[in-house]
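**Q** To start, I am sharing the structure in question, which I have written as C-alpha cells.
The values are calculated or read from the model by the stated rules, or taken from the named source; none is laboratory data. Here the structure is a predicted model, which means the values were calculated and not measured. With ideal geometry, Cβ positions are generated from the backbone for all residues, glycine too; neighbour counts draw on all protein chains shown.
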Amino acid sequence: MAIVEGATPNGPDRAARHSAGGLQRAGARPGAAAIVSTWVTTVDHKQIGILYTLTTLVFLVIGGVEAMAIRWQLWSPDGTKIGPDAFNQLFTMHGTTMVFFVVMPMLIGFANYLVPLMIGARDMAFPRLNAFSYWLFLFGGLLTYFSFLAGGAPNVGWFAYAPLTEYAFSRDHSTDYWILGLLVSGIGTLAGAINLVVTILTMRCPGMSLGKVPLFVWMMLFDALLLVIALPPLTAALAMLLMDRGLGAHFFDTQAGGSALLWQHLFWFFGHPEVYVMALPAFGIISEVVPVFSRKVIFGYESVAAATVGIGFISMGVWAHHMFTVGMSNTLDAIFSGATFLIAVPTGIKIFNWIATIYGGRVRFDTPMLFALGFLAMFLMGGLTGIMLAAVPVDWQVSDTYFVVGHFHYVLFGGSLFAMMSAFYYWFPKVTGRMMSERLGRWHFALMLIGFNLTFFPMHIAGLLGMPRRIYTYSADRGWTYWNQLSTIGAMLLGVAFAIFFWNLFVSYRRGKPAGDDPWDAWTLEWATTSPPAHYNFEKIPVVRSRRPLWDLKHPEDPDWDHE
Amino acid sequence: MSQSIQSPASAAPDTRHGAGLRADLGPADRVRVGMITFLISEAAFFSTLLMAYIMYMGQPMPGPTPAEVLKLPLAVAGTICLLLSSVTVHMAAGALRGARMGAFYLTLAVTIALGAAFLVLTAMEWRELIFEHRLTISRNLFGTTYFTLVGFHAIHVTVGVILLTVMFALAKARQVTQANHDPFEVVSWYWHFVDTVWIAVFTLVYLVGR
C-alpha cells in the first residue's frame, strides 16, 4: 500500500536508499569508521534530528542523575550526604542542563526531523547551517560540562543572578564556563531557529498555504520567531557578564554603580519567552496526537493557531513577574501581573480545544495518547499554580520557595516532557520502522505519572510551609521532613520509569514489531512516505488540498476540502 | 489503495484561499527570508545594548564623562562615511541587476573604502580615548557601556567590509552576476542595517548622551 508513488517499502534498492536515511540497518554492514563518518558529516535533516534527540537523551540522563542526587541529599534533615558546595553545583547544572541541553534542543531536534516531512519538503532550507547548529549545541553542552574537570561546575543557579556572578564573588572559572557554554549553544539555537522560519515560510509543498500546515509546524514557526527575538538579549547579557568578569567592566557591578537589576531584566526578557519556547512545540505535539487518537479533526484549528500567535506576543511582556520581590513600583507590578493573567487566556483556549477534540471521539488509549492525556492534566495544574503566582501578594509570600519549584516542574516536566514522551511513542515507528512496546510503554506511563506527582506535588506544600528553594539542608523541627521524603521517593520512582523508557527504546529498536508506513492511521504528510523515510523524503513532491492530505487520499468520497 | 498523493484526483491544487501561492518561491527567497530573520535577531541584540546604554546614561560616576571626552568632528565624519556608503551600496545593487559591471565594481569599491574609513576613524577616536583620556572599559560605567555598544557595532562594520570584499571577489570570479545577484542583494541589506544601527548609536551617544 504505497501511498507515495515510487517510495515503495520493498523496492530492490531499499537498503541503498536508506543508507543515509535514519536508524535503518543496511544489508551490507559498513565499517564503524564509515558509520561515524556518515553521521559526523551529515547535513540530512533526519539524521541531524536523530543526533539532536540522542544527544539530548544523554543530557537527560545526566540532568536526571543530578536531580536524584539533589533529592538524596534532601532525604533527611541535617543531611551531610553531598554537602553545600556540591549541592550548589548540582542544582545549577540540573537547571541549566534541563533547559538548555534537554528540553529546548530536543524539541528543535523533533522539529528538524518532522517539519520538512510534514510540509512535503526534502530538507531544511539551509542544510549545512542545520549541521552547524547541532554541532554548536553539542560543543556548548560539552564546554559547560568540561567545568567539572576544570575545577568545579557552575554554582550560581540556572538564572545566575548578579552580583553573585561577578568576579568579586565567583573567583573561579566555573561561571565563565557557564557563560561560554550558553553563548556557543545559543548561537547554534539561533541559527536553527532562523533555519526553521525560512523552511516553514518558503519550502511548503504546492497547495499547503500557511492556513493548511499541521499545527505542529505552525507552532514551530512561532516558536522559532520567539527564539529569534528572545535569544539575542540573552546573548548580549552574557557578553556583558563576560566583559564584567574578564575585562573589568561594570554592567552588573553594584560597587561601581552597575545594576544587578539589569541582569534580572535581561535574563528574564529571554527567560520568559523561553518558557513558551519549551511549551509551544509541546502544544504542537499534543495538537497532532490528540486528533489522531480521538479519530476526529482538531476542534477549532483556527483558534488554536490564533491562540499560538497570542501566546507569542504576550509572552514578550510578562518577564518581570519573575521579579515581584525585588521592589519594583506598584504600577509595574500591576502591569506584569495583568499581562500574566492575560496569557492564561490563549493557553486556556488551547486546553478547551484539546478537550473538545477528545469529546465525542472514538478515543484509542495507545501510549502516545496516554502521555497526551497526562500532559493535559499535569500542564493544567502547572498553569493553575502559575495563575496563583501571577497574583503579586501570593508571589511575595511564596517566591523562591519550593512552591515555585513545584509550579514550574508541573509546567516543564508535566507539560513539555510528557508531550515529548508522547512524541517518542508516536513518531518512533516513523523514525525506525518499528513500533515501541505498548506493554513497557504503559508501565513507563504509569510509573512516570505516579512518580511525577509524588515528587512535585509535595513541593507545593513544603513551599507553603516556608521551605526556600536551593537550601542544601534543613533542621528537623521545621516540619518539612515528611514532604521531602515523599519527593525523594517519587524521584527514585521517576528513575525507574525512565529506565523502562530507555530499555523500551533499546529493545524496540532491536526487535520491535515492524511498523509499516502509517501505523496510527494518521493524516499528516510524514505518514505518506516509508518508515524510515528515504533520504530525499518524497520521490515526488506531494500536492495537498486540505489540512489532512492523507484523509483525502484514504477517503476520496468525502475529502476534507469540502468542509474547510 | 493504489492512489498516490500526486494522483490526478488531487493534482490540481486548490486555488482558493491563496493556496499554491508559494509555487514561485525558490532558493533566492530562502536567502532573503533568512537574512530578514537574521536582521530581526540583530535588531533585538542591539536594542539590548542600547537599553543598557540608556539605563546608565547621566548617572553620577567618576570621570571622564561623555561631555569631557567625546568629540563630534570624528563621529560626524564617520557618520557621513556610513551614510554615503549606504547610497553607494544601493547603486552597486542596481548596477549589478542591470549588468553594468563597471559601475558595480566602482560603487562597490567606494562602499568598501567608506566602510574601512569609518573603522579607521573609530580607531583614531579610540586611541585618543584610551591613551590620552585614560578611558577604558573598566574605568567607569560610561567606558563600560560606550566601548561595548560602539565596539559591537564596529565588529558588525568589520564583518560587513569583509562580506562586501568577498562579494567583490566572487563577482570577479563570475560567481555573483546579474543572474545570481541575490547574495549581493542580501549583503546590501545587512550593510543598510549596520548603517541604521549607527544612526541610533550616533544619536544616543553623541547627541543625546553628551
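**Q** Can you tell me which residue in region B:104-135 is farthest from the other protein chains (Cβ to nearest Cβ), limited to those that are more than 21 Å from B:Ile162 (Cβ to Cβ) and surrounded by 16 or more Cβ atoms within 10 Å (Cβ to Cβ)?
**A** B:Glu125
**Q** Criterion first (of a type in the set (Gly, Ala, Ser) and within 26 Å of A:Lys81 (Cα to Cα)) does A:Gly512 satisfy it?
**A** Numbers: of a type in the set (Gly, Ala, Ser): yes; within 26 Å of A:Lys81 (Cα to Cα): no.
In short, no.
**Q** Go over the candidates A:Val198, A:Val217 one by one and state the one that is more than 30 Å from B:Thr145 (Cα to Cα) and more than 9 Å from chain B (Cβ to nearest Cβ).
**A** Values: A:Val198 fails: more than 9 Å from chain B (Cβ to nearest Cβ).
Testing whether each residue is more than 30 Å from B:Thr145 (Cα to Cα) and more than 9 Å from chain B (Cβ to nearest Cβ) leaves just A:Val217.
**Q** Return yes or no: is A:Phe375 of a type in the set (Phe, Trp, Tyr), part of a helix (DSSP H, G or I), buried (at least 20 other Cβ atoms within 10 Å of the Cβ) and in contact with a Pro (Cβ under 9 Å, 6 or more places away or on another chain)? Walk me through it before giving the result.
**A** Values: of a type in the set (Phe, Trp, Tyr): yes; part of a helix (DSSP H, G or I): yes; buried (at least 20 other Cβ atoms within 10 Å of the Cβ): yes; in contact with a Pro (Cβ under 9 Å, 6 or more places away or on another chain): no.
Here the answer is no, as A:Phe375 does not meet what is asked.
**Q** Do we have A:Gly258 as on the phi > 0 side of the Ramachandran plot and of a type outside the set (Asp, Glu) here?
**A** On the way: on the phi > 0 side of the Ramachandran plot: no; of a type outside the set (Asp, Glu): yes.
Here the answer is no, as A:Gly258 does not meet what is asked.
**Q** Somewhere in region A:506-526, is a residue within 10 Å of chain B (Cβ to nearest Cβ) and under 27 Å from the mean Cα position of the chain (by Cα)? Let's see the steps before the verdict.
**A** Of the residues in region A:506-526, the ones within 10 Å of chain B (Cβ to nearest Cβ) are A:525.
Keeping just the survivors that are under 27 Å from the mean Cα position of the chain (by Cα) gives A:525.
There is at least one residue in region A:506-526 that is within 10 Å of chain B (Cβ to nearest Cβ) and under 27 Å from the mean Cα position of the chain (by Cα).
**Q** Hey, another quick one. Among the residues of region A:475-487, is there at least one that is farther than 30 Å from A:Gly63 by Cα, more than 14 Å from every other protein chain (Cβ to nearest Cβ), of a type outside the set (A, V, I, L, M) and in a helix (DSSP H, G or I)?
**A** Kept after step one, since they are farther than 30 Å from A:Gly63 by Cα, are these residues of region A:475-487: A:477.
Subset that is more than 14 Å from every other protein chain (Cβ to nearest Cβ): A:477.
Applying the additional criterion that residues be of a type outside the set (A, V, I, L, M) yields A:477.
So of that shortlist, the ones also in a helix (DSSP H, G or I) come out as A:477.
Scanning region A:475-487, I find at least one residue that is farther than 30 Å from A:Gly63 by Cα, more than 14 Å from every other protein chain (Cβ to nearest Cβ), of a type outside the set (A, V, I, L, M) and in a helix (DSSP H, G or I), so the answer is yes.
**Q** Tell me which residues, restricted to region A:121-177, are within 24 Å of the chain's Cα centre (by Cα), part of a loop (DSSP other than H, G, I, E, B) and within 13 Å of another protein chain (Cβ to nearest Cβ).
**A** Once the filter is applied, which keeps residues that are within 24 Å of the chain's Cα centre (by Cα), part of a loop (DSSP other than H, G, I, E, B) and within 13 Å of another protein chain (Cβ to nearest Cβ), region A:121-177 yields A:Ala121, A:Asp123, A:Met124, A:Ala125, A:Phe126.
Quick grid of which residues meet (1) closer than 18 Å to B:Cys81 by Cβ; (2) more than 16 Å from the chain's Cα centre (by Cα):
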{"site": "B:Thr145", "(1), (2)": "no, yes"}
{"site": "B:Val157", "(1), (2)": "yes, no"}
{"site": "B:Met167", "(1), (2)": "no, no"}
{"site": "B:Lys172", "(1), (2)": "no, yes"}
{"site": "B:Asp182", "(1), (2)": "no, yes"}
{"site": "B:Val194", "(1), (2)": "yes, no"}
{"site": "B:Val201", "(1), (2)": "yes, no"}
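**Q** Which of the numbered conditions does B:Phe147 fail, given that it passes all the others? Conditions: (1) among the aromatic types (Phe, Trp, Tyr); (2) in contact (Cβ under 8 Å) with a residue 60 or more places away in the chain; (3) within 14 Å of chain A (Cβ to nearest Cβ).
**A** Result: B:Phe147 fails condition (2) only.
**Q** Which condition does A:Val411 not pass, out of (1) outside any loop (DSSP other than H, G, I, E, B); (2) without any contact (Cβ under 8 Å) to a residue 24 or more places away in the chain, if it passes all the others?
**A** Unmet for A:Val411, out of (1) outside any loop (DSSP other than H, G, I, E, B); (2) without any contact (Cβ under 8 Å) to a residue 24 or more places away in the chain: (2).
**Q** Separate question: B:Ile155 - would you say it is surrounded by fewer than 19 Cβ atoms within 10 Å (Cβ to Cβ), at pLDDT 95 or above, within 13 Å of another protein chain (Cβ to nearest Cβ) and in a helix (DSSP H, G or I)? Talk me through it step by step, then tell me what you get.
**A** Details: surrounded by fewer than 19 Cβ atoms within 10 Å (Cβ to Cβ): yes; at pLDDT 95 or above: yes; within 13 Å of another protein chain (Cβ to nearest Cβ): yes; in a helix (DSSP H, G or I): yes.
Yes, satisfied.
**Q** From the list A:Met118, A:Met93, A:Met124, which residue is closer than 24 Å to A:Trp39 by Cα, of a type in the set (A, V, I, L, M, F, W, C), touching an Asp or Glu at 6+ places or on another chain (Cβ under 7 Å) and buried (at least 20 other Cβ atoms within 10 Å of the Cβ)?
**A** Numbers: A:Met93 fails: closer than 24 Å to A:Trp39 by Cα; A:Met124 fails: touching an Asp or Glu at 6+ places or on another chain (Cβ under 7 Å).
Result: A:Met118 is the single residue among A:Met118, A:Met93, A:Met124 that is closer than 24 Å to A:Trp39 by Cα, of a type in the set (A, V, I, L, M, F, W, C), touching an Asp or Glu at 6+ places or on another chain (Cβ under 7 Å) and buried (at least 20 other Cβ atoms within 10 Å of the Cβ).
**Q** Here's something else I'd like to know. Is it fair to say B:Val176 is modelled with pLDDT under 95, buried (at least 16 other Cβ atoms within 10 Å of the Cβ) and away from every other protein chain (no Cβ under 14 Å)?
**A** Numbers: modelled with pLDDT under 95: yes; buried (at least 16 other Cβ atoms within 10 Å of the Cβ): yes; away from every other protein chain (no Cβ under 14 Å): yes.
Spelling it out, B:Val176 is indeed modelled with pLDDT under 95, buried (at least 16 other Cβ atoms within 10 Å of the Cβ) and away from every other protein chain (no Cβ under 14 Å).
**Q** Just for region A:267-307: of the residues that are in a loop (DSSP other than H, G, I, E, B) and buried (at least 20 other Cβ atoms within 10 Å of the Cβ), which one is farthest from the chain's Cα centre (by Cα)? Spell out the reasoning first.
**A** The first filter runs over region A:267-307 and keeps only residues in a loop (DSSP other than H, G, I, E, B), leaving A:295-300.
Those left that are additionally buried (at least 20 other Cβ atoms within 10 Å of the Cβ): A:298-299.
Working: A:Ile298: 22, A:Phe299: 24 Å.
Going through the qualifying residues, I end up with A:Phe299.
**Q** Go through (1) in contact (Cβ under 8 Å) with a residue 12 or more places away in the chain; (2) surrounded by fewer than 16 Cβ atoms within 10 Å (Cβ to Cβ) one by one and return the number of the condition A:Ile471 breaks.
**A** Single failed check for A:Ile471: (1).
**Q** Same structure, new question: Count, please, the residues in region A:527-546 that happen to be within 13 Å of chain B (Cβ to nearest Cβ) and surrounded by fewer than 23 Cβ atoms within 10 Å (Cβ to Cβ).
**A** Looking only at that region, the number is 5.
**Q** In region A:201-210, which residue that is assigned to a helix (DSSP H, G or I) and at the interface with chain B (Cβ under 8 Å from one of its Cβ atoms) is nearest to A:Val304 (Cα to Cα)?
**A** Just the residues of region A:201-210 that are assigned to a helix (DSSP H, G or I), to begin with: A:201-202, A:210.
From what's left, at the interface with chain B (Cβ under 8 Å from one of its Cβ atoms): A:201-202.
Details: A:Leu201: 19, A:Thr202: 22 Å.
Looking at residues that are assigned to a helix (DSSP H, G or I) and at the interface with chain B (Cβ under 8 Å from one of its Cβ atoms), I get A:Leu201.
**Q** Another question about this same structure. Anything in region A:357-372 that is crowded, with 16+ Cβ neighbours inside 10 Å and either farther than 30 Å from A:Ser508 by Cβ or not hydrophobic (A, V, I, L, M, F, W, C) (or both)? List them, or say none. Don't jump to the end; show me each part of the working.
**A** Step one: of region A:357-372, the residues crowded, with 16+ Cβ neighbours inside 10 Å are A:357-358, A:361, A:363, A:366-372.
Of everything in region A:357-372, those that are crowded, with 16+ Cβ neighbours inside 10 Å and either farther than 30 Å from A:Ser508 by Cβ or not hydrophobic (A, V, I, L, M, F, W, C) (or both) turn out to be A:Thr357, A:Gly361, A:Asp366, A:Thr367, A:Pro368.
**Q** In region B:61-103, what count of residues is obtained for those that are surrounded by 20 or more Cβ atoms within 10 Å (Cβ to Cβ), among the hydrophobic types (A, V, I, L, M, F, W, C) and farther than 20 Å from B:Thr165 by Cα?
**A** 2
**Q** If A:Ile108 satisfies all but one of (1) among the hydrophobic types (A, V, I, L, M, F, W, C); (2) buried (at least 19 other Cβ atoms within 10 Å of the Cβ); (3) within 12 Å of chain B (Cβ to nearest Cβ), what's the number of the condition it fails?
**A** (3)
**Q** Tell me which residues, restricted to region A:227-266, are crowded, with 23+ Cβ neighbours inside 10 Å and more than 11 Å from chain B (Cβ to nearest Cβ).
**A** Within region A:227-266, A:Leu241 is the sole residue that qualifies.
**Q** Next question, about the same structure. Does any residue of region A:439-455 turn out to be within 28 Å of the chain's Cα centre (by Cα), part of a helix (DSSP H, G or I), β-branched (Val, Ile, Thr) and more than 30 Å from A:Ala111 (Cβ to Cβ)? Let's see the steps before the verdict.
**A** Within region A:439-455, the subset within 28 Å of the chain's Cα centre (by Cα) is A:439-455.
If we keep only those that are part of a helix (DSSP H, G or I) as well, we get A:439-455.
Still in the running and β-branched (Val, Ile, Thr): A:450, A:455.
Filter once more, so that each one left must be more than 30 Å from A:Ala111 (Cβ to Cβ): A:450.
Within region A:439-455, one or more residues are within 28 Å of the chain's Cα centre (by Cα), part of a helix (DSSP H, G or I), β-branched (Val, Ile, Thr) and more than 30 Å from A:Ala111 (Cβ to Cβ).
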